[in-house]
Amino acid sequence: MSLLPLTMAAVDYDRFHALSGGTVRPEGIDLELVPLEVEEVFYRQVKYAEFDVSEMSLSTYVLNLGRDDFPYVALPVFPSRYFRHQSIFVNERSGITSPQDLRGKKVGVPEYQITASVWQRGILRDDFGVRPEDIEWYTGGVDEPGREEKSRISLPDDVRVQAIGPRDTLSQMLAGGELDALFTAHEPSAFRAHEHVVRLFPDYKAIEKDYFARTGIFPIMHCVVVRRSVLDAHPWVARSLVKAFDASLQVAMRGLLYRSSLKVALPWLADHVEETVEALGPDYWTYGIEANRTVLETFLRYSHEQGLAARRYAPEEIFAPSTASAFTI
C-alpha cells in the first residue's frame, strides 16, 4: 500500500519534533512538515489554502464554520496553549492600575477576532465585569504596519472597532499615549523600549495560577485542521493523524522529564517542570475533546457572546466526527 502524501504547515514546536524527525509516522500517510512562523501559517492557509494540514487559530476556525466554502475540518489537537493575562500591556500614564480602569479606554488588538483577544475579553467580562462594549478598540499591526483582519467579521452595533492608520503600529501608539492599552499574542517592542509601558498584571504567573485553580482552564490557542476534500476521500486520515500527533506529544513530554542531560536549554528545567505540574497537574497538555471540554466550552461561549461565532457550538460539532471517541480493548 502506497502512503498518502500530505503537506503540513506549522510552527516548529517540540510536540511536533517526533513527527518531523520521523520517530513517529502517521499510519498510511507520508506527512511533510513545513516549518513556518505562526503568522505566516495563518495568512497562507486562510487566504490561499496552500497546505493539506496546518495549524490554525481556534478563533479563525470557529468564526468560519458557517461558511459553505470553508475548506477545513479541525482535529482536537492543540499545539498552542497560553495563559493570556501576561499579554495585556498598558501605558501607565493612562492611569490604568486595575482591569476595571479599562472602561472607556482606547485598546489595540492586532485583529479583533484573534484567539488571544477572545480569551482576554472573555476573562475581563467573567472575572472583572468589563464588557467589550465598554472599550474603544483599534486594530492593526503590533510592530509592523498594515495588518488587517484575515476573516470577515460582523460585530454587534455597540462594539466600536476601527483600523489604525496604514503607517501606524499599535506598539508605537501605545508608547506615545494614543492608545491606553494593548492586547497581544506576543510581547510588543514598546514594552522593553519604554519604561511607562507595563503589564496590566505585573505578577502574572500568580494571577494565572489562581485562574487555573479557579477554572481548570489552560487556554487553547490553536487547533490542527485538515482539508475537507482529503477527509471526504480518505476518512481514516483524521484518526491516523490524531494518533500520530498524540504520540509525538508524548515524546516531547518525556523529553522534559529526562534528567541525564538537558534536552531543553534551560538550566533549571527540572524546577520549571515541577512547578508546572504542581500548579496544573501531570496531564496539563492534552489533546482530545473530553479532556478539554471545559476549555472548549468556555471558548465557544466567548466567541458567540462576542458576536464572532454564528452560534454557540458544542465541542463535538467543531471537530471531525471520527475523532470524538476512540476504540477500547
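The values are calculated or read from the model by the stated rules, or taken from the named source; none is laboratory data. Remember, predicted model here, so these are calculated numbers, not experimental data. All Cβ positions, even for glycine, are placed from backbone atoms using ideal geometry, and neighbour counts span all protein chains on display.
Of all residues in the stretch 184-206, count the ones that are within 16 Å of TYR82 (Cβ to Cβ) and aromatic (Phe, Trp, Tyr). Count: 2. For PHE42, the conditions (1) under 22 Å from SER229 (Cα atoms); (2) surrounded by 13 or more Cβ atoms within 10 Å (Cβ to Cβ); (3) free of Cβ contacts under 8 Å to residues at least 24 places away in the same chain; (4) not aliphatic (A, V, I, L, M) are fulfilled apart from (3). Out of all the residues in the stretch 264-299, which are farther than 17 Å from ALA252 by Cα, part of a loop (DSSP other than H, G, I, E, B) and free of Cβ contacts under 8 Å to residues at least 24 places away in the same chain? PRO267, TRP268 - these are the residues of the stretch 264-299 that are farther than 17 Å from ALA252 by Cα, part of a loop (DSSP other than H, G, I, E, B) and free of Cβ contacts under 8 Å to residues at least 24 places away in the same chain. One residue stands out among those in the stretch 171-199 that are free of Cβ contacts under 8 Å to residues at least 40 places away in the same chain and small (Gly, Ala, Ser): the one that is surrounded by the most Cβ atoms within 10 Å (Cβ to Cβ), which is SER171. Applying the selection to the stretch 205-228, what residues are aromatic (Phe, Trp, Tyr) and in a loop (DSSP other than H, G, I, E, B)? Hit for the stretch 205-228 is PHE218, nothing else.
Say whether the condition of being on the phi < 0 side of the Ramachandran plot, touching a helix residue (DSSP H, G or I) at 6+ places or on another chain (Cβ under 7 Å), free of Cβ contacts under 8 Å to residues at least 60 places away in the same chain and assigned to a loop (DSSP other than H, G, I, E, B) is met by at least one residue in the stretch 107-125. Within the stretch 107-125 (the criterion being on the phi < 0 side of the Ramachandran plot, touching a helix residue (DSSP H, G or I) at 6+ places or on another chain (Cβ under 7 Å), free of Cβ contacts under 8 Å to residues at least 60 places away in the same chain and assigned to a loop (DSSP other than H, G, I, E, B)), the answer is no, since none of the residues qualifies. Among the residues of the stretch 13-31, those identified as among the β-branched types (Val, Ile, Thr) and either touching a Leu at 6+ places or on another chain (Cβ under 8 Å) or surrounded by 18 or more Cβ atoms within 10 Å (Cβ to Cβ) (or both) are VAL24, ILE29.
Looking only at residues in the stretch 49-76 that are touching a Ser or Thr at 6+ places or on another chain (Cβ under 6 Å) and of a type in the set (A, V, I, L, M, F, W, C), the one that is farthest from GLN113 (Cα to Cα) is PHE51.
Results for (1) surrounded by 15 or more Cβ atoms within 10 Å (Cβ to Cβ); (2) under 20 Å from the mean Cα position of the chain (by Cα); (3) outside the structural domain of THR294 (by TED's automatic domain parsing), shown as yes or no for each residue.
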| site | (1), (2), (3) |
| --- | --- |
| THR169 | yes, no, yes |
| ASP203 | no, no, yes |
| ASP210 | no, no, yes |
| VAL230 | yes, no, no |
| ALA233 | no, no, no |
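Looking at GLU50, GLU27, GLU55, just one residue is touching a helix residue (DSSP H, G or I) at 6+ places or on another chain (Cβ under 8 Å), in a strand (DSSP E or B) and acidic (Asp, Glu), and that residue is GLU55. Hey, among the residues in the stretch 128-142 that are in contact (Cβ under 8 Å) with a residue 40 or more places away in the chain and over 19 Å from the mean Cα position of the chain (by Cα), which one's farthest from GLU187 (Cα to Cα)? Across the stretch 128-142, the extreme among qualifying residues is PRO132. With respect to TYR43, is the statement that it is among the hydroxyl-bearing types (Ser, Thr, Tyr) and at pLDDT below 95 true? Answer is yes for this residue. Scanning the stretch 137-155 for residues that are crowded, with 16+ Cβ neighbours inside 10 Å and charged (D, E, K, R), we see that the one that is modelled with the highest pLDDT is ASP143.
Here's the yes/no breakdown for (1) at pLDDT 95 or above; (2) in contact with a strand residue (DSSP E or B) (Cβ under 6 Å, 6 or more places away or on another chain):
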residue	(1), (2)
PHE183	yes, yes
HIS186	no, no
GLU195	yes, no
PRO202	yes, no
ALA213	yes, no
SER248	yes, no
